[in-house]
Structure formats: C-alpha cells, structure tokens
Amino acid sequence: MGASLALALSGCGLDVALFEARSDIAASKDDRSLAVSYGTRLILERLGIWDSIETPTPIAAIHVSQHGGYGRSLLTAEEVGLPALGYVLRYTSLQRALGVALTKAPGIELVSGAHVEQVARAPDGISIRYRRDGASYATTSRLLVIADGGVSLAGQAGAIIKSRDYAQQAVVGVVETSRPHGFRAYERFTADGPVALLPFESRYALVWTAKQEAAAALVAIPEAGFLGALQEHFGDRAGRFVSIGSRARFPVSLRYAVDPVLTRTVLLGNAAQALHPIAGQGFNLGLRDAWELAEIIRRHGRADPGATACLSHYRSTRKLDRMSGIALTDSLVRIFSNDLAPLRALRGSGLALLDLLPAAKRTFVHRMIFGGSL
Ligand SMILES: Cc1cc2nc3c(=O)[nH]c(=O)nc-3n(C[C@H](O)[C@H](O)[C@H](O)COP(=O)(O)OP(=O)(O)OC[C@H]3O[C@@H](n4cnc5c(N)ncnc54)[C@H](O)[C@@H]3O)c2cc1C
C-alpha cells in the first residue's frame, strides 16, 4: 500500500521517500491471487499501472449461497451497468507493475532493502531508524505513513489495536474444474467459514476458510483427498474439481487500529486494518485510503503534510468507509459462522430477499465495489 501511496504522491512537490524491506520492490514472493473491485481498477488506472498488470480475469457475476440451507443470490455486473464487478489478479503482477512505475516516478526516493526498525516522535517530526546492507541509518520526516502489513511498527507508533480471533485459517490454491468458469465467482458460507471460488485465468482461485486444525489437515492431505473434501463441502455447482496446484494457508483474523491517525503518523493498509478475506475487501479498502490520503495531501499544497489539519481531514473523510468495511466483514463472518437452524433460515431469507429487491441489491453491490460514502 506504501507503493500505491508513493505513486499517487509522485509530482506533488513534496519530498517523498519509500522505505521497503525487500531488496527489489518489483519482485515479490507473495503468490496469492487477489480479487479487486471495479473501483480499484479505476484507481489503478489513475495510477497508470492497470495496463501493466498481466491477464486480470474479469468477474461478471457472483453466486452467493449457504451450506445446509436454502436461499441464494446472484449479483451481476450487468445489473449495475459495469463491464465487470471486479477482477482476479496475481499479487506478484500488481507489485511488479507498482515497482516498475515507482522507479520512473518523479519526486520519489525509493530506498529498497531498508528495514525500518524504529519510529519515534522527535521535536521536528518523526524520527525513523532503518537498517540497510548491515548499516544503521536515521532520518526525520514531517509525516510518517506506516504500511508494513501490520507486522510491528503500528504498536511502536502508539496505536491502540483491537483484534478478534475467528480461530479460522484460509487455505488457498488454484483449482481446475471440469466446467469452464464463465467468469462467475462463488461465495459459499458454511458454519466452518466461507469458501470462495474466483475465476482466475482458465481456473479458479480457491479461498477455503476452515477451523485451524482442519486447515492444517487440508494442506497436508494428498490431492485426491483434498479434491474429494472440497467437492463434498462445496457441492457441484462449479463442476467437478479435477486438480489443484500448491496449497498454502494464512491465518485470518480481524485486527484494526482504533484510530489510524496518530501524531504526524498515518497507518495504512493492513497496518490500519487487517480483515477476514470473506468479502475480499482488504486491499480494496487500503487502496481507497491511500488514494484519498494522497488527494488530501495534494490539496494541502506544500503546507506541512503532517499538520493536524491535514490529518484530521483524512481521518474524517475515510471514517465511514473504513468503519463500515470493518463492521461488514466482521458481521458477515459472525452471522455465517453459526449453524443454529433459526439463524440459517434467517440468512436464507436474507439472501432470497436480496435477489427480489433489485434496488437493495444494487446499493449493496455499489458499496462493495466503490466503498461506503455519504
Ligand atoms: C488468504 C487471503 C486472501 C485475501 N484476498 C483478498 C482479496 O481477494 N481482495 C482484497 O482486497 N484483499 C484480500 N486480502 C487482503 C490483502 O491481501 C491485504 O489487505 C493487502 O495485501 C495488504 O497490503 P499491505 O500493503 O497493507 O501489506 P503487505 O502487502 O503485507 O505489504 C507490506 C510491505 O511492507 C514491507 N515491510 C514490512 N515491514 C517492513 C519494515 N519494517 N520496513 C520496511 N518495509 C517493511 C514488506 O516487505 C511489504 O512489501 C486477502 C488476504 C488473505 C490473507
């Protein structure tokens, strides 16, 4: 997210430095696939990198259902008058596009292989201490944006963090089916956690959330056993599961800063909020934050970007989208991770009703694509 923000700030007239721990910012080993909304595509276009992302797969429709209960909903791009609801892409390709663009972006100092170890308040701003090639360096900035993926720096900066452990993990992989995907995604809610199948090139990207021990077993069992378990769990609406590439698992939880704005500091991306992948909102929300922060800094001109006026403006502008994104994701996980029969019936009615009320459906889809706004 730091790379997106830096790119959005290119040419703004301020001195911008990006400290990145990876030695080559355009190379990443994070081979997860990412579902990005149509709104994210628009921002990536404005950043000038959309056309450099390799083969994004459009999502024309999303089929939402629940295991063991009636009710389903079909959300389509056609209903909302867009070419696609979103796209599935490789995170590595997105990071490469961002990295290459940054090396050519005017006014950005790119400090690769720089591991930031310490941040602290200083009389004239924020002091930043980092290690690079075995040596230690220090610098000071009027504004610090922490976008380290939520690893460690937010706590050092004094953020108050709240978290909820769902006791779930996400098992991810790329799965081949007997039927072509037709650009349709599936989200199936089960009491153990949601399962998403996202059209990804000629196959599906799978995100299967399960209880922790079950997730460990799902990664360890032989392929045939895994495919059988997936078929049993997901059903046959996408066809027969034929093969799966390498499998990996990620911890999933909710972790967010009560306030992403601190003295001369902003937390961005997963450092501000790490969400359950249930609704594929994490990257999308973070990118909207990054874009808006850059816009606000630009509007403040060459004035102090770390000043309270600038940061308060950012906080109030982003509050609704941020809090509703956190609340929506958390409620979806909790409402659907429950097998009580009355709740199952209520969920079924909700899904069926969504299909019967086109205006409500359009509002919901619009919110998922472009975020919450007044
Ligand atoms: C299984 C799974 C599926 C997901 N699917 C989706 C999806 O479909 N759609 C969606 O929108 N979101 C999804 N997400 C969420 C999304 O991946 C994250 O929200 C997003 O990648 C966070 O980006 P970030 O830039 O904050 O963090 P990261 O991508 O983790 O980047 C952090 C960067 O900071 C650098 N760094 C870390 N520490 C330091 C340091 N001390 N000094 C210098 N540099 C440092 C790292 O090298 C890295 O480049 C998913 C998440 C998971 C777990």
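Where a number appears in this text, it was derived from the coordinates with a stated rule and is not lab data. Just so you know, these numbers come straight off a predicted model, no measurement behind them. Note that each Cβ is placed from the backbone with ideal geometry, even for glycine, and that neighbours are counted across all protein chains shown.
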If one takes the longest principal axis of the Cα atoms in the chain, at what angle in degrees, from 0 to 90 and to the nearest 10, does the Cα axis of helix 358-370 lie? 40 degrees
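Could you calculate the contour length gain from L74 to R237, that is, 0.36 nm times the residue separation minus the distance between their Cα atoms, to one decimal place in nm?
On the way: separation 163, 0.36 × 163 = 58.68 nm, distance 1.30 nm.
Full extension from L74 to R237 adds 57.4 nm.
Please report the relative contact order for the chain, taking Cα pairs under 8 Å with a sequence separation of at least 6, and give it as a percent rounded to a whole number.
Numbers: 766 pairs, mean separation 80.8, N = 374.
Relative contact order, the chain: 22 percent.
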C-alpha center-to-center spacing [the range 190-231, the range 54-105] in angstrom: 19 Å
Tilt relative to the chain, helix 308-336 - C-alpha long axis, 0 to 90 degrees, to 10: 20 degrees
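Subtracting the Cα-Cα distance from 0.36 nm times the residue separation, let me have the gained length for E45 to A359 in nm, one decimal. Could you put the intermediate results ahead of the total?
Details: separation 314, 0.36 × 314 = 113.04 nm, distance 2.85 nm.
Taking E45 through A359 to full extension adds about 110.2 nm, to one decimal.
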Debye sum, Cα scatterers, the chain, no solvent: what log₁₀ I/I(0) at q = 0.06, 0.07, 0.08, 0.11 1/Å? -0.24, -0.32, -0.42, -0.79
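Report the FRET efficiency, 1/(1 + (r/R0)^6), for R129 and H366, where r is their Cβ-Cβ distance and R0 is 45 Å, rounded to 0.05. All intermediate terms of the calculation are to be shown ahead of the outcome.
Details: r = 44 Å, r/R0 = 0.98.
So the FRET efficiency works out to roughly 0.55.
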Rounded to the nearest 20 debye, dipole of the chain from Cβ charges on Lys, Arg, Asp, Glu: 540 debye
